[in-house]
Every structure is written in C-alpha cells, then in structure tokens.
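K.L.:
Encoded as structure tokens, here's the structure I'll be asking about.
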Amino acid sequence: MIADFRKNMAGSPEYARFAPFFIFCVITSAGFFIGKDWLYWLYALKVFVGLWLIWEMRPFVTEMRWAFSWEAVVVGVLVFALWVGLDPYYPKNQLLFKDTPDSIWNPFARFGDGSAVAWVLICIRIFGMTIVVPPLEEAFYRSMVYRYIIKYDFTKVPLGHFDGVALALTSLLFGIAHFQWLPGILCGLAYQGLVIRKGRLGDAMTAHAITNCLLGCYVVWKGGEAWKFF
C-alpha cells in the first residue's frame, strides 16, 4: 500500500499535494466525530502520521522547503495578532464546526491541571501545529489550489504569479475551513501574498509556523476561553 502511495505521488502532482493533506484532515475529523479521549489521542497520532507524510512528499513536492525572511516574521506575528484581536467582533463558523464545551481541545480539563499527560499532549500539539501543519497546508492551498485555479497544468504556473481571482477563492476556501473564518481569510491572503512576493513557498510555511506557535503559547499562557484557539 505504501508503495502504491509513493507511485501515485510520483505520477501525479495533484495527488502528491492533495492526498497527504486529505489523510491529515480525515484523522482530524475522526477525533471530533468520535469525541471524548479520541479528540486528544488522535491529534497526537496525526502529528506523527503528518511527519511521515511530509517525509514521503519531499521528493515530489520540491517547493515544500522552509525559507526564512523578515517578511515571514512580520506576517506571522501580524496574523497571530489578527486571529486573537478580531475574535470578539464576528460570528464564528458554526455551520461546519461544533461550538460546545466537549468540542474544545483542553487536556487540562480532561486529564487534570498540571497533569503530565496533559502537558505531553500540549507539547505534541504545539509541535504539530508549528512543524507539521504548515508544510501540508501550504503545499495544498498556496501551491496547488491557487495555481490549479489559474491553470489545469498548475505546475507550469510560477509560484510568484499573481491572479486576483485565484487569490480571493483560495483565501476564501482556507478561511471557511476554520472555525475562526474571518482571520482565516485574511491569513490566506497574507500567506499567499508572501508566496507571490517571494516566488517560493517556504516563507509562507515559516509565517504559518510562527502564527501557530504564537497561538499555541498564547493558549497555554492565557487559559480559560483561549482554549478555543486550539
């Protein structure tokens, strides 16, 4: 089965960017649908599965390489500020997401304050959202979806190519895939703008990692209602 997976990725640029993202999302959804302790253990599992998926993708998704720039730092911090700062001022995406106490990922509430199990799960989560999520999401949204809207043979479209329709549609799709849809849309615009400006995917990956890491640290520091950002 793994051999077939690799063969499919080698033979299809779309498959190489979509299939790993889809697998990652399926595990995420399973945790929310099954609920209870599975919400925590499946997230930990998907982090390790995600690491393996990224390893398998690397030979076929050559643009998926980390890059650092001052623009990436600025965008990463700015998106974090927008994500938290805008929160009280717009309705959330309750059409696609549950908004109940049971749907909030808070291992302290489940395993106890100061629990070693809770801290391990939190560390795995922050690691996953910082190191695993950005490459998978950026390769899917900013590399494939954006360019696929422009041209069916999307690999022929340079990463730095600007297209207003593709930018709007990709950012909208990215936004509605989040409970916090409004900063999600703005986030999509900012990350895609980085890709267009720099002509590479790595800066958006770094900005995404900075945003997520700051969000994770903020949640642990703030506690209370901030757990909804996980």
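K.L.:
Only residues in segment 1-20 that are basic (Lys, Arg) count as the first member; pair them with residues that are assigned to a helix (DSSP H, G or I), Cβ under 6 angstrom, at least 6 apart or cross-chain, and list the lot.
P.N.:
17/139; 17/140; 17/144
K.L.:
Do you know which of the residues in segment 110-129 that are assigned to a helix (DSSP H, G or I) and more than 17 Å from residue 215 (Cα to Cα) is most open to solvent (accessible area, probe 1.4 Å)?
P.N.:
Only one residue tops the list, namely 110.
K.L.:
Filter segment 95-109 down to the residues that are closer than 26 Å to residue 121 by Cα and open to solvent by 50 Å² or more (accessible area, probe 1.4 Å) and list them by number.
P.N.:
96, 97, 98, 99, 100, 101, 102, 104, 109
K.L.:
Okay, moving on. Is it fair to say residue 164 is over 21 Å from the mean Cα position of the chain (by Cα) and of a type in the set (Gly, Ala, Ser)?
P.N.:
Considered against the rule, which asks whether it is over 21 Å from the mean Cα position of the chain (by Cα) and of a type in the set (Gly, Ala, Ser), residue 164 comes out as yes.
K.L.:
Output the residue which, of all residues in segment 95-107 that are assigned to a helix (DSSP H, G or I) and in contact (Cβ under 8 Å) with a residue 12 or more places away in the chain, is nearest to residue 195 (Cα to Cα).
P.N.:
Ranking the qualifying residues of segment 95-107, first place goes to 103.
K.L.:
Search segment 36-94 for residues being more than 25 Å from residue 193 (Cβ to Cβ) and among the acidic types (Asp, Glu), and hand back the single one that is modelled with the lowest pLDDT.
P.N.:
Within segment 36-94, the match that is modelled with the lowest pLDDT is 37.
K.L.:
Which one of 57, 1 is of a type in the set (A, V, I, L, M, F, W, C) and closer than 23 Å to residue 130 by Cβ?
P.N.:
Of 57, 1, the one residue that is of a type in the set (A, V, I, L, M, F, W, C) and closer than 23 Å to residue 130 by Cβ is 57.
K.L.:
To continue, here is another question. Just wondering, is there one or more residues in segment 132-150 that are within 25 Å of residue 165 (Cα to Cα), at pLDDT below 95 and either assigned to a helix (DSSP H, G or I) or over 20 Å from the mean Cα position of the chain (by Cα) (or both)?
P.N.:
No: zero hits.
K.L.:
Only helices (runs of 4 or more DSSP H) wholly contained in segment 1-86 count here; list those with 2 or more residues that are of a type in the set (Val, Ile, Thr), open to solvent by 50 Å² or more (accessible area, probe 1.4 Å) and in contact with a helix residue (DSSP H, G or I) (Cβ under 9 Å, 6 or more places away or on another chain).
P.N.:
Helices (runs of 4 or more DSSP H) meeting the threshold: 13-34, 70-85.
K.L.:
Test of understanding: among 167, 182, 186, 215, which residue is open to solvent by 60 Å² or more (accessible area, probe 1.4 Å) and in a helix (DSSP H, G or I)?
P.N.:
186
The values are calculated or read from the model by the stated rules, or taken from the named source; none is laboratory data. These numbers were taken from a predicted model, which means no experiment stands behind them. Neighbour counts are summed over all protein chains in view; Cβ atoms, including those assigned to glycine, are modelled from backbone coordinates with ideal geometry. Note: areas computed on protein heavy atoms with side chains; ligands, DNA, RNA excluded. Shrake-Rupley method; radii C 1.70, N 1.55, O 1.52, S 1.80 Å.
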